[in-house]
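Report on the structure given below.
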Amino acid sequence: MMRFFSPYISIFGFGLLTSCSVLPDSTTILTREVIKEGVGMHDLNIALTNQLFAERKLRLDSFIQENYIPAIIENYQKRIPDSINYKKEFPNIVMGILPVIYQKKDSLQNVLNIQQQEIIGQLNNSFGNYTEATASLQDLIDSNIRLKNAKENASNSIFKLITKDKLDVKKIEESIEKVLKK
């Protein structure tokens, strides 16, 4: 009874081997290139974020120098009583105002730094997820290519066994079992 089912098992196994989807060997190379491109895009995102915040910091400095300081000084000038000699006391007034200005500037710079680090953190988290996903995809594709190559080798071996003068079902079963165990 077992000899009767052996050819059917062999044909079923051969059909199983040839029925899986086919990926070209170049797919693995293509996915590696896509992964490299993803790394480049991540580096570009980080560089652009750093550039954006560097520009914001420069604009902040420019605003403080060109707008904020003159406005603060003008505001303080309006508050100075007429009894104080403005020209004589101006250096002291400026020295009293500068710590307030620098404290405000440092506070705003700190807000920009925190925002920059949050964005970079989000980019790094997203890139970590991308890296994990692409590594899994690459492993899956590599495994599929190895399986495809093993199937082709098994098919070639089976074809060689079938084309000989005599059909050796036992060797065909052994070849199929080797492929299925991989």
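The values are calculated or read from the model by the stated rules, or taken from the named source; none is laboratory data. Computed from a prediction, not measured in an experiment: that's the story for all the values here. Cβ coordinates were reconstructed from backbone atoms using ideal geometry, including for glycine residues, and neighbour counts include every protein chain displayed. Quick note on the areas: whole protein, heavy atoms, side chains included, nothing else; ligands and nucleic acids left out. Shrake-Rupley method; radii C 1.70, N 1.55, O 1.52, S 1.80 Å.
What to note about this one:
- Filtered residues of the range 25-47 (kept if free of Cβ contacts under 8 Å to residues at least 60 places away in the same chain, closer than 22 Å to LEU147 by Cβ and hydrophobic (A, V, I, L, M, F, W, C)): ILE29, LEU30
- Pick from the range 115-137, criterion open to solvent by 50 Å² or more (accessible area, probe 1.4 Å) and aliphatic (A, V, I, L, M), ranking: modelled with the highest pLDDT: ILE119
- Filter result for ASP106 (modelled with pLDDT of 90 or more and open to solvent by 60 Å² or more (accessible area, probe 1.4 Å)): yes
- With respect to being open to solvent by less than 80 Å² (accessible area, probe 1.4 Å), modelled with pLDDT under 60, part of a helix (DSSP H, G or I) and among the hydrophobic types (A, V, I, L, M, F, W, C), LEU52 falls outside the description.
- Taking the range 54-103 as the range and being over 39 Å from the mean Cα position of the chain (by Cα) and small (Gly, Ala, Ser) as the test, the residues that pass are ALA71, SER83, GLY96.
- Restricting the first member to the range 137-155 and to residues that are closer than 16 Å to SER26 by Cβ, and the second to residues that are open to solvent by less than 60 Å² (accessible area, probe 1.4 Å) and at pLDDT 85 or above, the beta-carbon pairs closer than 9 Å and six or more apart or on different chains are LEU137/ILE35; GLN138/ILE35.
- Filter pass, GLN77 being in a helix (DSSP H, G or I) and at pLDDT 85 or above: no
- Odd one out for ILE69 among (1) surrounded by 11 or more Cβ atoms within 10 Å (Cβ to Cβ); (2) modelled with pLDDT under 80: (2)
- The residue list LEU112, LEU167, LEU180, LEU98 contains one member that is open to solvent by less than 100 Å² (accessible area, probe 1.4 Å) and either at pLDDT below 75 or in a loop (DSSP other than H, G, I, E, B) (or both), which is LEU180.
- Filter pass, LYS87 being over 26 Å from ARG59 (Cα atoms) and open to solvent by 70 Å² or more (accessible area, probe 1.4 Å): yes
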